[in-house]
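The values are calculated or read from the model by the stated rules, or taken from the named source; none is laboratory data. Note that this is a predicted model, so its numbers are computed, not measured. Cβ: placed from backbone, ideal geometry, glycine included. Neighbour counts: every protein chain shown. Note: accessible area is taken over every heavy atom of the protein model, side chains too, but ligands, DNA and RNA are not part of it. Shrake-Rupley method; radii C 1.70, N 1.55, O 1.52, S 1.80 Å.
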Amino acid sequence: MTPEQIDALPAHEHRLFIYGKCKQVRLRSALVVVRFLKARHARAVWYEFFDPKKQRWSQPRLLLATELQLVPTQVMHFYALRWGIEALFQNLKRWWGANNLWQQSRRVLELWMQVRSTGYALMQRNR
């Protein structure tokens with residue numbers, strides 16, 4: 001879809017409790033066929049956040065959901081819930097060194113994660 005087609009979609013403003021706070025969100029949505037997903041149907045949701053300090057909307061960003069029955073607010077809510085998982089993956093890769101384990105067997109990976117997790121838990125307990 002072109003930017004003009006996206007701008008022509010009806011915009012709905014909502015106040016959603018996401019990312020631990022109440023945010024004002026503008027949502028536009030359409031059912032689309034996604035080429036890079038082998039022409040699979042999806043719900044496209046373009047969202048913008050309102051920044052009260054700058055008194056303006058952010059740049060639109062796109063979310064895709066292959067569950068067509070979801071409404072745009074649900075897509076936004078589920079994406080926001082997923083963000084905590086992304087932070088976990090980032091910590092595993094950056095601080096625990098999991099990005100260096102791609103050559104290891106599953107058993108070695110499981111043992112390594114258990115040792116690291118135990119060490120981390122012991123460090124937290126002694127704080």
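Observations
- Mean sequence separation of contacting Cα pairs (under 8 Å, at least six apart), scaled by the length of the chain, corresponds to a relative contact order of 15 percent.
- For the stretch 1-81, trypsin sites (Lys or Arg not before Pro) are listed when DSSP marks them as loop and at most 15 other Cβ atoms sit within 10 Å of their Cβ; the list is Lys38, Lys53, Lys54.
- Computed from the C-beta positions of Phe17 and Trp112, the FRET efficiency with R₀ = 22 Å rounds to 0.05.
- Full extension of the chain segment joining Trp95 with Tyr120 gains 7.9 nm, where the gain is 0.36 nm per residue of separation less the Cα-Cα distance.
- DSSP-loop chymotrypsin sites (Phe, Trp or Tyr not before Pro) across the stretch 31-127, with at most 10 other Cβ within 10 angstrom: Trp95, Trp102
- His12, His77, ranked by accessible area, largest first (probe 1.4 Å): His12, His77
- Farthest toward positive dipole pole in the stretch 30-127 [+1 Lys/Arg, -1 Asp/Glu at C-beta], among Leu81, Val45, Ala30: Leu81
- When every Cα-Cα distance of the chain is counted in 10 angstrom steps from zero, the calculated P(r) takes the values 11, 29, 24, 21, 14, 2 percent.
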